Ligand SMILES: [Zn+2]
């Protein structure tokens, strides 16, 4: 496991979540193939101050 530290508040309490919207979930489509099955987007964020450390697609 990587040991993430928040660069804003130095908290080690980093959580992983999925990007969501008010209706359903936000997905990322590959630019050159919009018919391809989209991927959900995960994020890692600091539980203490809310700073988002990283975004990544789950199935690139
Ligand atoms: Zn923080």
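The values are calculated or read from the model by the stated rules, or taken from the named source; none is laboratory data. Computed from a prediction, not measured in an experiment: that's the story for all the values here. Reconstructed Cβ throughout: ideal geometry from the backbone, glycine too, with neighbour counts over all protein chains shown.
A few notes on this one:
- Residue match in the range 4-14 (condition: modelled with pLDDT of 70 or more, more than 16 Å from the ligand (Cβ to nearest atom), assigned to a loop (DSSP other than H, G, I, E, B) and surrounded by 11 or more Cβ atoms within 10 Å (Cβ to Cβ)): no
- Subset of the range 34-54 that is out of contact with any strand residue (DSSP E or B) (no Cβ under 9 Å at 6 or more places or on another chain) and within 8 Å of the ligand (Cβ to nearest atom) - its residue that is farthest from residue 15 (Cα to Cα): 49
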